[in-house]
Amino acid sequence: MIKDFLSSLEEFVKLLILVFFYTNSQAQTLPSLHGFHNKKENASPNYSLNFDGSNDHLVTNGGTISTAWSFEVWYKKAGNQSAINLTNSQNSNNSGTWALRLGQWNNIYKVGITKYGVKDYYINDTKANLDIGKWEHVAWTYENNLVTVYINGENLGTTFSRGPLANGAILYWNIIGKSVRTINGELDEVRIWNDKRTSSEIKSNMFKELSGNENGLVAYYKMTNGSGTTVTDNSSNSNSGTMVNMNDSDWVTSNAPIGNLLNSYQTDVEGFWEHTGTSDSEASDGLSMSVGSALAEANFVVFGNNNDDTGTTSSSLSGISKRSKREWNCDEKGTVTADVKIDISDATGHSGSISAASNYTLLFKTCELCTFSEVETGDSASGDVITFSSVAIQDGIYSIASADSNL
């Protein structure tokens, strides 16, 4: 009996050891519980759908939205063509109905909207002529007979070439694409709403996935299937699409700059990707990035901050007097080395003089509950902006610190 007891005890101890190691491993894979952040390469692959520009399309039987609506998509244009049809009522006999276009008819190439049998409207702005081979975010919103176009979160206005819109711009989305002159390139993160999204709502959500149960969300195609001819609707409305003239080969790896940030770091979310080129990225409450040569498509960073605008706090690090309470979470895909620029007036509210660049330090930690360490000393200062040159960006959390009170 004692032997049986000891044998059972031994098995129980083994089980405890297994549970310990399993729980410890989960601390690395459950950021919502443990505050860890993990690279997207370790998660499920991200997919997009590749349309041939000829006759590939999706049948959704989605119907119409008339009073107010919004349509968002990440799009990688494969090439220019006359009319890139995005939404339609049906494949033919569309007279009197409306269609969204990623490139307008008659070799205009610019983003627009068409009322069949009436006019082809487009935004007469160079930014509305989307770059070939680069991911860009496009959104249309509508209410009170005004359609607004956004490219990469920037409001390009409501003024269309060819005059004011005909009354009642109804969104028809029975079909995404068309059996002729369809989408030419890749689509990801398609979102359809029955309200007019604000500029802030578009900007704050374009670089991250939705939960799927947001108010007003009618359909949400995350392109997660990866195979087959069904495109799942990831909203709560079951408006799944059926692929026509398409097959498994049209599911391709997506490099649309969609990030996975910690829940408490999703204020002023920005992206730094191929399309940014050598310009500074948009700043997330003080922090921006830049590179000397444009990033490759597979390399990008999505970043946001913790919305703490209460200034600074003390630091236990040797030689550090204080650090910013504002912290920034980065989600990197691929490999990105960039100049990190922090405007301390935006980050902490500091006013007055600043110290020499070498007085400032970039801090980093891998999780919310982890301890900051020093990763880079400031290389230059201009106005209120401190630049940390050639920083190898990591998944995790950054802050700025100083050796004196000038932060």
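Based on what the data block shows, is GLY352 out of contact with any Lys or Arg (no Cβ under 9 Å at 6 or more places or on another chain) and modelled with pLDDT under 95? Yes: the conditions hold for GLY352. Across region 300-317, the number of residues qualifying as surrounded by 21 or more Cβ atoms within 10 Å (Cβ to Cβ) and either outside any strand (DSSP E or B) or in contact with a Cys (Cβ under 6 Å, 6 or more places away or on another chain) (or both) comes to 2. Filtering region 282-299 to residues that are of a type in the set (Ser, Thr, Tyr) and surrounded by fewer than 20 Cβ atoms within 10 Å (Cβ to Cβ) leaves SER290, SER293.
Taken together, the criteria place ILE320 among residues that are part of a loop (DSSP other than H, G, I, E, B), touching a residue at least 40 places away in the same chain (Cβ under 8 Å) and among the β-branched types (Val, Ile, Thr).
Conditions tested, residue by residue: (1) outside any loop (DSSP other than H, G, I, E, B); (2) touching a helix residue (DSSP H, G or I) at 6+ places or on another chain (Cβ under 6 Å); (3) within 19 Å of SER264 (Cα to Cα).
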residue: ILE176; (1), (2), (3): yes, no, no
residue: ARG191; (1), (2), (3): yes, no, no
residue: LYS196; (1), (2), (3): no, no, no
residue: SER200; (1), (2), (3): yes, no, yes
residue: LEU210; (1), (2), (3): no, no, yes
residue: ASN215; (1), (2), (3): no, no, no
residue: VAL218; (1), (2), (3): yes, no, no
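Within region 190-204, can you find the residues that are closer than 17 Å to VAL149 by Cβ and within 13 Å of the chain's Cα centre (by Cα)? VAL190, ARG191, GLU201, ILE202, LYS203 - these are the residues of region 190-204 that are closer than 17 Å to VAL149 by Cβ and within 13 Å of the chain's Cα centre (by Cα). Filtering region 157-169 to residues that are among the aliphatic types (A, V, I, L, M) and surrounded by 17 or more Cβ atoms within 10 Å (Cβ to Cβ) leaves LEU165, ALA169.
Taken over region 103-156, the criterion of being aromatic (Phe, Trp, Tyr) and either in contact (Cβ under 8 Å) with a residue 24 or more places away in the chain or crowded, with 24+ Cβ neighbours inside 10 Å (or both) is satisfied by TYR109, TYR121, TYR122, TRP135, TRP140, TYR142, TYR150.
The values are calculated or read from the model by the stated rules, or taken from the named source; none is laboratory data. Everything quoted here is computed from the prediction, not taken from an experiment. Ideal geometry is used to build each Cβ from the backbone, glycine not excepted, and the neighbour counts take in all protein chains shown.
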